[in-house]
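Asker: For reference, the structure I am asking about is given below.
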Amino acid sequence: MRLDLPGKTVAITGAGGGLGAGLARALRAQGANLALLDLVDDGVQAQAARLGGDRHARGWGVDVRDFEAQQQVFADVAEHFGAIDVAIAGAGVLGPLQTIGPTTPADWDRVIDINLNGVWRTLKAAAPHVEATGGHLVAVSSMTAYVHPPLLASYAASKAGVAAMADVLRLEMRAVGVTVGSVHPVIFRTSMIGDALSSPAAVELVKDFTGVFRTVELDTVVNGIVRGIERRAKRTVIPRQQGPTALIPGLAQAAVERLLFRPRTVARAIELGSKPAATPPAG
């Protein structure tokens with residue numbers, strides 16, 4: 001069932017970044033109302049003012065590493081706009097391009113906590129509100145979920161985790177009328193990754209940025225995501241020509257969903273899983 005964007009409310013984490021800001025402009029052009037969430041609220045508040053002010057766009061400061069803060073913000077968003085129809089978990093970081101040797105535990109933990117745990121916190125905080133509207137949840141992953149280049153272990157692991165999480169949530173949420181999609185763009189240049197892509201290591205690694213590492217314009221990614229939201233797409237690969245790269249794992253997941261995880265089976269498992277575990281006998 002198509003999701004018509006005019007009049008719908010879309011919440012975006014990472015809204016102050018290149019992708020988030022581009023999505024905000026494109027979604028507003030489609031008539032959506034916008035909740036712009038970012039680590040610092042000054043930028044997204046100014047951004048919201050340019051997109052029509054409080055009636056159509058408003059900014060909130062929130063850290064995706066703080067679940068309780070996200071819960072409060074999504075409650076505020078729902079109260080302000082009356083509903084939340086789409087939530088886009090788009091906040092993310094790249095992390096250092098280096099091998100396991102110089103990577104510190106703090107480096108690893110930061111990328112995983114923002115890119116993977118932060119997406120989970122965002123979707124969990126948004127889920128009750130999106131369920132109330134029968135809406136759509138979006139997890140921004142990457143083609144590195146399927147193609148794992150060296151020097152990017154934490155980033156690739158986090159994005160592969162996001163893709164897997166979206167597959168699981170899709171099965172869990174369909175019973176309550178919520179659709180879930182993951183987004184997998186190839187490399188596109190924003191301020192977050194511009195310096196990293198220009199580094200000697202990146203240039204040597206991907207040479208001339210051809211094939212699966214060929215860069216695309218930000219507008220291509222934005223337009224692809226908007227189309228995916230309107231279609232409630234399970235997986236959005238950008239550009240479409242790279243679809244075969246994600247085809248095999250996508251087909252395997254689709255077959256498992258169809259043959260093993262039927263709606264009635266999943267609903268029963270969720271019911272059983274919601275019951276408190278029995279206390280084992282003492283001794």
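The values are calculated or read from the model by the stated rules, or taken from the named source; none is laboratory data. If you're wondering where the values come from, they're calculated on a predicted model, not measured in any experiment. Cβ coordinates were reconstructed from backbone atoms using ideal geometry, including for glycine residues, and neighbour counts include every protein chain displayed.
Asker: Among the candidates A126, A106, which residue alone is under 26 Å from L218 (Cβ atoms) and of a type in the set (G, A, S)?
Answerer: The unique qualifying residue is A126.
Asker: For the range 167-178, state whether one or more residues are at pLDDT 95 or above, under 15 Å from I238 (Cα atoms) and of a type in the set (A, V, I, L, M).
Answerer: No; the residues of the range 167-178 include none that is at pLDDT 95 or above, under 15 Å from I238 (Cα atoms) and of a type in the set (A, V, I, L, M).
Asker: Would you please name the residue that is surrounded by the most Cβ atoms within 10 Å (Cβ to Cβ), looking only at residues in the range 222-263 that are of a type in the set (A, V, I, L, M, F, W, C) and modelled with pLDDT of 95 or more?
Answerer: Of everything passing the filter in the range 222-263, I229 is surrounded by the most Cβ atoms within 10 Å (Cβ to Cβ).
Asker: On to the next question. Answer with yes or no whether G161 is under 18 Å from D66 (Cα atoms) and at pLDDT 95 or above.
Answerer: no
Asker: Can I ask one more? Quick check on the range 95-105. Is at least one of its residues within 28 Å of G134 (Cα to Cα) and touching an Asp or Glu at 6+ places or on another chain (Cβ under 9 Å)?
Answerer: No - not one qualifying residue is present in the range 95-105.
Asker: Within the range 95-115, identify whether any single residue is buried (at least 21 other Cβ atoms within 10 Å of the Cβ), without any contact (Cβ under 8 Å) to a residue 60 or more places away in the chain and either touching a helix residue (DSSP H, G or I) at 6+ places or on another chain (Cβ under 7 Å) or not hydrophobic (A, V, I, L, M, F, W, C) (or both), and answer yes or no.
Answerer: Yes, the range 95-115 contains a residue that is buried (at least 21 other Cβ atoms within 10 Å of the Cβ), without any contact (Cβ under 8 Å) to a residue 60 or more places away in the chain and either touching a helix residue (DSSP H, G or I) at 6+ places or on another chain (Cβ under 7 Å) or not hydrophobic (A, V, I, L, M, F, W, C) (or both).
Asker: If the Cβ limit is 8 Å and pairs must be 6+ apart or interchain, which residue in the range 1-24 that is among the basic types (K, R) pairs with which residue that is assigned to a strand (DSSP E or B)?
Answerer: Final answer for the pair search is K8/N33; K8/V86.
Asker: Turning to a different aspect of this structure: When you scan the range 121-165, how many residues do you find that are in contact with a strand residue (DSSP E or B) (Cβ under 8 Å, 6 or more places away or on another chain) and among the hydrophobic types (A, V, I, L, M, F, W, C)?
Answerer: Here the count works out to 13.
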